[in-house]
Amino acid sequence: MEEKKYEVVLKIFVLQIAAIVMILPFVWLVSTALKSPSEVFTENLSLIPEAFRWSNFVAIMDQAPFWMYMGNTIIVCLGILIIQLLLVIPAAYAFARLDFPGKDVMFLLFVIQIMLPLESIIIPNYLITKKLGLLNTRTGLILPFVASGFGTFMLRQTFKQIPQSLEDAALMDGAGHLRFIWHVLVPLSRPTIVTFSMISIATHWNDYFWPLIITDVDEVRTLTIGLGMFVQQESGSDWSLLMAATLFVCAPIIVFFLATQKTFIKNFLTSGIKG
């Protein structure tokens with residue numbers, strides 16, 4: 001018992017050290033964002049600013065339209081997520097609960113999509129977007145990502161774990177496919193849906209490559225592109241403003257994760273439990 005107790009204490013200690021190492025860069029980011037330029041490079045290391053300069057956030061808004069970038073990013077991320085859910089939920093249901101010709105081949109194509117990096121299809125996506133006249137539009141930012149092989153795969157695995165008896169009972173009560181999906185599968189799969197939503201939003205919130213290629217006007221740029229432009233053109237050597245802009249970009253997605261982390265963790269803890 002004593003040996004197990006020491007093992008637990010050692011594991012907790014190692015995890016605490018790892019947590020400190022991982023969180024320290026973010027703490028440094030927050031600290032620098034609230035400092036004056038003269039406090040950034042000093043001989044004495046200090047995480048607590050002499051005076052909290054909230055005016056740094058006002059200054060970055062004066063130098064770049066970050067609120068507009070924020071609005072564009074929210075519209076793009078939510079637009080992608082909503083259309084993805086409208087598509088992947090029925091697709092996952094079809095692959096998990098229905099039988100039809102070519103089912104296995106079609107699902108294999110979905111899995112292959114997961115393996116393809118964005119860079120491998122960037123030229124076809126760009127040419128299609130240009131042909132449709134969607135360059136410099138939010139629709140062009142959304143369209144290439146509305147079909148998610150990863151989301152379909154996740155939900156298919158979850159839908160397959162739903163007992164057949166529930167489907168039989170729903171069919172006996174006169175429920176059709178859509179009603180069964182909405183009233184039975186979706187409520188029971190909420191942790192998986194929330195997890196996929198978190199991954200989708202985080203992925204497209206941080207996406208830099210695609211918005212960089214198809215946008216060249218501020219009106220449709222996202223936060224990552226706005227931050228890149230700010231670094232190159234606006235901030236110069238003022239690291240306090242640069243860190244304030246970075247914190248502004250990172251904070252919403254961190255708050256979103258903290259608000260949904262229990263569901264996210266629950267999904268991974270219960271992902272191997274069937275029935």
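Just need log10 I(q)/I(0) for the stretch 1-122 at q = 0.17, 0.19 Å⁻¹, Debye formula, equal scatterers on the alpha-carbon atoms, no solvent, rounded to two decimals.
Calculated log10 I(q)/I(0) at the listed q: -0.99, -1.07.
Out of Leu116, Leu134, Leu85, any idea which swings most in a Gaussian network model of the chain, alpha carbons joined below 10 Å?
Top of the fluctuation ranking is Leu116.
Let me check I have the definition right: for the stretch 165-235, take the eigenvalues of the Cα gyration tensor, multiply each by 5, take square roots. What are those semi-axes in whole Å, largest first?
Working through the eigenvalues yields semi-axes of 45, 12, 7 Å.
Treat the stretch 134-264 as a sphere of radius equal to its Kirkwood radius over Cα pairs and apply Stokes-Einstein at 20 °C in a medium of 1.002 mPa s; give the translational diffusion coefficient in µm²/s, rounded to a whole number.
Details: Rh = 17.9 Å.
Taking Rh from Cα pairs, D becomes 120 µm²/s.
Pick out the long, greasy-scoring helices in the chain: whole DSSP H runs spanning 15 Å or more along their own axis by Cα, mean Kyte-Doolittle at least -1.0.
For the chain, where a helix must reach 15 Å along its axis and average at least -1.0, the hits are 2-33, 66-97, 103-115, 149-160, 190-205, 239-270.
Give me the tail of P(r) for the stretch 2-55 as a percent: Cα-Cα pairs with distance above 19 Å.
Value for the stretch 2-55: 48 percent of Cα pairs lie more than 19 Å apart.
Lys/Arg Cβ at +1, Asp/Glu Cβ at -1, dipole of the chain taken about the Cα centre: which of Ala64, Met115, Asn44 is farthest positive-ward?
Of Ala64, Met115, Asn44, it is Met115.
Which FRET efficiency, nearest 0.05, do Val255 and Val40 yield, Cβ-Cβ r, R0 22 Å?
On the way: r = 25 Å, r/R0 = 1.15.
FRET efficiency, Val255 to Val40: 0.30.
Calculate, in whole percent, how much of the Cα-Cα pair population of the stretch 63-104 lies beyond 15 Å.
Values: 521 of 861 pairs.
Roughly 61 percent, rounded to a whole number.
Report the FRET efficiency, 1/(1 + (r/R0)^6), for Lys4 and Trp182, where r is their Cβ-Cβ distance and R0 is 51 Å, rounded to 0.05. All intermediate terms of the calculation are to be shown ahead of the outcome.
Values: r = 48 Å, r/R0 = 0.93.
Once the sixth-power term is evaluated, E becomes 0.60.
Test of understanding: given the chain, find the longest segment containing no GluC sites (Glu not before Pro) that are in a DSSP loop and have at most 12 other Cβ atoms within 10 Å.
In the chain, the maximal stretch lacking such sites is 51-275.
Kirkwood Rh over alpha-carbon pairs of the chain, then Stokes-Einstein at 37 °C and 0.692 mPa s: what D in µm² s⁻¹, rounded to an integer?
148
Throughout, read-outs are computed from the coordinates displayed, never taken from laboratory work. If you're wondering where the values come from, they're calculated on a predicted model, not measured in any experiment. Here Cβ is always computed from backbone atoms with ideal geometry, including for glycine, and neighbour counts include all displayed protein chains.
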